[in-house]
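Novice: Encoded as structure tokens, here's the structure I'll be asking about.
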Amino acid sequence: MLTFAFCTYNRADRLEKLVTAMRAQSCPLPFEILAVNNNSRDDTLAILEKLTRAPGAKLRFVTETAQGIVPARNRAIEEALDSDILVFMDDDELPQKGLLNAAHDAIVNEGAQCAGGRVKVDFPLGGRPAWLSDDLLGFLSAVDYGERPFWIKHTDTPVWTGNVAYDMRLFRDDPDLRFDPRYNRTGTAVGGGEDIAMFNQLLARGTPMRYRPDMQVEHFVEPWRLRRRYFLKLHYQAGLRKGLHELPIYTKTVLGIPPFLVAQFFSHCLRTLAMGITRRSGLLRQAMNATHALGMLTGYAKRQRS
């Protein structure tokens, strides 16, 4: 059995198209569709109830009352423990033809315990902003490592829960292997990082991981994400989480703060200012570095105070 899962919050208007596309998949294993509703306040439950009666693969849904993406993803794992494979995607995506076949092949035939594939960005009406360079697409969850499958050995080719398959023996054999609540994100908040934390943990454990370009989803980007301040806020939150949870404890500090973090922040600020004055390309990316440095500084300070 394969469980094809998504977590959803207040996206009732996308559910019918999503579930229809999920049911259109083919797979050597029988598969079910699992929806984890995370306290949606719109018509999500009514739409899901209607969709359970539509033809095709069985749809079941549960409500996770603990708010946030981490409780929702971990609920999906618990609900799928009896399955052989769990495939995650997001409620703002659509699976493309062949996704489940590729995921099954990677796990069953190639021996991967985790496999991920392409995430193609679908822009809203109005298209892609002129300032949005290719190097920023990854911050909109885009993934494309080329046409050839390969074994993932390094942190520079991560795969995300927007399009990832897991061998469920990973989670049955280790009940402590779950998404980290320190990286929770609630509602429409920016950031999170629970999926990259899981990826890094699996990589550190030597888990066989496979990139499969024929696993592909189309990710719809909401217009509010196509603003420069979104990228700045996203990087600040990433830095904040790093300062809170990942940086080591430093012994050389001034008022509890390592001087190099302060120097790093001001260095990035000066570079950002210089690039703004001279109107050099790459200004937004440099400003993102500055907000990330500020986030690390703030996160480390908060951890020390606590």
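Novice: Based on the alpha carbon coordinates of the chain, what radius of gyration and maximum Cα-Cα distance (Dmax) apply, in Å?
Specialist: Answer for the chain, Rg first and Dmax second: 20.4, 65 Å.
Novice: Between Lys50 and Asp173, 0.36 nm times their residue separation minus their Cα-Cα distance comes to what?
Specialist: 40.7 nm
Novice: With a sphere of radius 10 Å drawn around the Cβ of Glu218, what net charge do the other residues whose Cβ falls strictly inside it have (Lys, Arg +1; Asp, Glu -1)?
Specialist: Combined, the nearby Lys, Arg, Asp and Glu give -1.
Novice: Heavy atoms only, 1.4 Å probe, whole protein assembly: order Leu15, Leu297, Leu244 by accessible area, highest first.
Specialist: So the residues, ranked largest to smallest area, are Leu244, Leu297, Leu15.
Novice: Also, quick follow-up: If you count only protein heavy atoms and use a 1.4 Å probe, how large is the accessible surface of Glu78, to the nearest 10 Å²?
Specialist: In the full protein context, Glu78 sits at about 90 Å².
Novice: How large is the accessible surface per residue of the chain, computed with a 1.4 Å probe and reported in Å² as a whole number?
Specialist: 48 Å²
Novice: How large is log10 of I(q)/I(0) for the range 228-304 at q = 0.22 Å⁻¹ when the intensity is taken from the Debye formula with one equal scatterer per alpha-carbon?
Specialist: -0.91
Novice: Determine the share of the range 2-223's accessible area contributed by carbon and sulfur atoms, expressed in whole percent, with a 1.4 angstrom probe.
Specialist: 49 percent
Novice: Hey, another quick one. Counting alpha carbon pairs within less than 8 Å and at least 6 residues apart, what relative contact order, in whole percent, applies to the range 2-223?
Specialist: Relative contact order of the range 2-223: 27 percent.
Novice: Using only the alpha-carbon atoms of the range 155-256, report the extent along each of the three principal axes, biggest first, to the nearest angstrom.
Specialist: 49, 39, 26
Novice: Amide H of Gly98 versus every other amide H placed in the peptide plane: which residues, excluding those fewer than 5 positions away on the same chain, fall under 5 Å?
Specialist: The answer is Ser26.
Novice: Say each of Lys17 and Ile249 gets a label point 7 Å from the Cα, pointing the same way as Cα to Cβ; how far apart are those two points in nm?
Specialist: 5.1 nm
Novice: Here is a further query. Compare the Cα positions of Ser141, Val159, Leu125 along the charge dipole of the range 115-198 (+1 at Cβ of Lys, Arg; -1 at Cβ of Asp, Glu; about the Cα centre) and return the one farthest towards the positive end.
Specialist: My answer, from the dipole projection, is Leu125.
Novice: With +1 on the Cβ of every Lys and Arg and -1 on the Cβ of every Asp and Glu, and nothing else charged, how large is the dipole of the chain about its Cα centre, in debye rounded to the nearest 20?
Specialist: Dipole size: approximately 1380 debye.
Novice: Another question about this same structure. Starting from the range 110-157, pick out the trypsin sites (Lys or Arg not before Pro) whose DSSP state is loop and whose Cβ has at most 15 other Cβ atoms within 10 Å.
Specialist: Sites meeting the loop and neighbour criteria: Lys153.
Novice: Can I ask one more? Can you tell me which lysines have their Cα less than 24 Å from the Cα of Lys17? Leave out same-chain residues fewer than eight positions away.
Specialist: Reachable lysines: Lys50, Lys58, Lys97, Lys120.
Novice: Semi-axes of the equivalent ellipsoid for the range 1-159, please: Cα gyration tensor eigenvalues, times 5, square-rooted, ordered largest first, whole Å.
Specialist: Semi-axis lengths for the range 1-159 are 25, 22, 15 Å.
Novice: For Arg227, tell me the accessible area in Å² from a 1.4 Å probe, rounded to the nearest 10.
Specialist: Here the residue's solvent-accessible area equals roughly 100 Å².
Novice: Could you work out how far apart the two model spin labels at Met1 and Arg228 are, taking each label as a point 7 Å from the Cα in the direction of the beta carbon, and quote it in nm?
Specialist: Simple spin-label model gives 5.2 nm for this pair.
Novice: To continue, here is another question. So what does Leu177 come to for accessible area, using a 1.4 Å probe and Å² rounded to 10?
Specialist: Leu177 has an accessible surface of roughly 0 Å² with all protein chains in place.
Novice: Residue by residue through the range 170-178, which ³J(HN,Hα) values in whole Hz follow from phi under the Karplus form 6.51 cos²θ - 1.76 cosθ + 1.60 (θ = phi - 60°), with glycine and proline marked x?
Specialist: Once θ is set to phi - 60°, the couplings for the range 170-178 become 3, 8, 6, 6, 9, x, 8, 7, 9 Hz.
Novice: Assign unit charges at the C-beta atoms only (+1 for Lys and Arg, -1 for Asp and Glu), then state the dipole size of the range 228-304 relative to its Cα centre in Debye, rounded to the nearest 20.
Specialist: 260 debye
Novice: Students often check this: by mean Cβ neighbours within 10 Å, which of 286-295, 17-26 ranks highest, and how do the rest follow?
Specialist: Packing order, densest peptide first, comes out as 286-295, 17-26.
Novice: Now a separate question. Asp135 to Ser306: FRET efficiency via 1/(1 + (r/R0)^6), r the Cβ-Cβ distance, R0 45 Å, to the nearest 0.05?
Specialist: Result of the calculation: an efficiency of 0.80.
Novice: What is the distance in Å between the Cα centroid of the range 252-306 and that of the range 1-79?
Specialist: 40 Å
Novice: Keeping every protein chain in place, order Met168, Met1 by accessible area at 1.4 Å, biggest value first, i.e. largest first.
Specialist: The ordering from most to least exposed comes out as Met1, Met168.
The values are calculated or read from the model by the stated rules, or taken from the named source; none is laboratory data. Note that the coordinates shown come from a computational prediction; the quantities given were computed from them, not determined experimentally. Because the Cβ atoms are built from the backbone with ideal geometry, glycine has one as well, and the counts that use them run over all protein chains shown. Just the protein is used for accessible areas: all its heavy atoms, side chains included, with ligands, DNA and RNA removed. Shrake-Rupley method; radii C 1.70, N 1.55, O 1.52, S 1.80 Å.
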